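In what follows, a single structure is set out as structure tokens and then discussed.
The values are calculated or read from the model by the stated rules, or taken from the named source; none is laboratory data. For clarity, every value in this text was computed on a predicted model and none was experimentally measured. Backbone-built Cβ (ideal geometry, glycine too); neighbour counts: all protein chains shown.
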Amino acid sequence: MTSSTFFHEGQRELQDHFDSRRIADRLEEARRHDDFSDHDRAIITTAPFFFIATITPDGHPDCSFKGGMPGFVRIIGNNVLAFPDYDGNGMFRTLGNIRRNPNVGLLFLQFSENRFRIRINGTATCHLSGPELETFEGAQAVVHVTARDIFPNCPRYIPEMKLENQSEYSPRPNYEPPDPAWKSKPDLAPYLSPKKRK
């Protein structure tokens with residue numbers, strides 16, 4: 001049997017314990033891919049948010065929510081996507097981790113009646129300048145993710161939810177987002193960079 005690079009020994013031990021190795025191998029063979037399909041592209045490029053997991057240099061995980069107007073994530077290659085980094089709290093946990101450990105995991109969820117989720121594992125690079133940055137409204141950096149593993153997951157536990165409104169803070173053309181309330185908190189405001197104060 002050909003050894004898989006998609007599963008490690010810890011996963012194999014549990015697959016054997018629960019007698020799921022056969023279906024796991026079949027899912028890898030039939031569902032895992034490394035180029036974006038048309039369906040992947042449709043889900044990703046219309047998503048108003050996704051989750052990204054990064055890893056610190058010493059191996060500790062960190063998970064962040066990234067949101068924006070639909071279309072804020074772009075497919076720029078057969079297996080490469082790009083997304084903007086917007087003004088945040090200044091900790092740069094996601095981008096800082098990427099600069100030290102490029103391995104990332106992304107999760108895109110669709111909560112509508114056609115519930116769906118796509119997982120993307122790969123490597124990321126952070127770009128703080130360049131012409132591409134100007135094409136993302138409100139971006140302070142752009143992140144590229146080169147996918148290694150792209151695969152759907154069973155959506156049965158995803159609740160059906162309805163998006164009522166896009167975030168008023170999401171950058172978009174010809175629009176000035178309001179300042180978040182936390183920037184005016186007296187215990188935080190004095191520590192903001194002057195260019196982050198309005």
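One table, with the values for the structure above:
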{"quantity": "Asp62 being within 24 Å of the chain's Cα centre (by Cα) and either of a type in the set (Lys, Arg) or part of a loop (DSSP other than H, G, I, E, B) (or both)", "calculated": "no"}
{"quantity": "Evaluation of Ala24 against (1) in the same structural domain as Leu107 (by TED's automatic domain parsing); (2) surrounded by 11 or more Cβ atoms within 10 Å (Cβ to Cβ) (one fails), failing number", "calculated": "(1)"}
{"quantity": "Which numbered condition Gly71 misses (of (1) in contact with a strand residue (DSSP E or B) (Cβ under 7 Å, 6 or more places away or on another chain); (2) surrounded by 11 or more Cβ atoms within 10 Å (Cβ to Cβ); (3) closer than 26 Å to Pro171 by Cα)", "calculated": "(1)"}
{"quantity": "Residue among Ala82, Ala30, Ala24, Ala47 that alone is touching a Lys or Arg at 6+ places or on another chain (Cβ under 7 Å) and either at pLDDT 95 or above or more than 21 Å from Cys154 (Cα to Cα) (or both)", "calculated": "Ala82"}
{"quantity": "Top-ranked residue in the range 72-88 [being touching a Pro at 6+ places or on another chain (Cβ under 9 Å) and assigned to a loop (DSSP other than H, G, I, E, B); ranked as farthest from Ala189 (Cα to Cα)]", "calculated": "Val73"}
{"quantity": "Residues of the range 39-59 satisfying the condition of being under 21 Å from Pro102 (Cα atoms) and either in a strand (DSSP E or B) or among the β-branched types (Val, Ile, Thr) (or both)", "calculated": "Ile44, Phe49, Phe50, Phe51, Ile52, Ala53, Thr54, Ile55, Thr56"}
{"quantity": "Any chance Ala124 is modelled with pLDDT of 95 or more, small (Gly, Ala, Ser), surrounded by 12 or more Cβ atoms within 10 Å (Cβ to Cβ) and not in a strand (DSSP E or B)", "calculated": "no"}
{"quantity": "Cross-chain or 6+ apart pairs with Cβ under 7 Å, the range 121-133 first and under 18 Å from Asn103 (Cβ atoms), then among the hydrophobic types (A, V, I, L, M, F, W, C) and exposed (fewer than 14 other Cβ atoms within 10 Å of the Cβ)", "calculated": "none"}
{"quantity": "The lone exception for Phe108 - which of (1) in a loop (DSSP other than H, G, I, E, B); (2) of a type in the set (Phe, Trp, Tyr); (3) more than 14 Å from Val143 (Cβ to Cβ) it fails", "calculated": "(1)"}
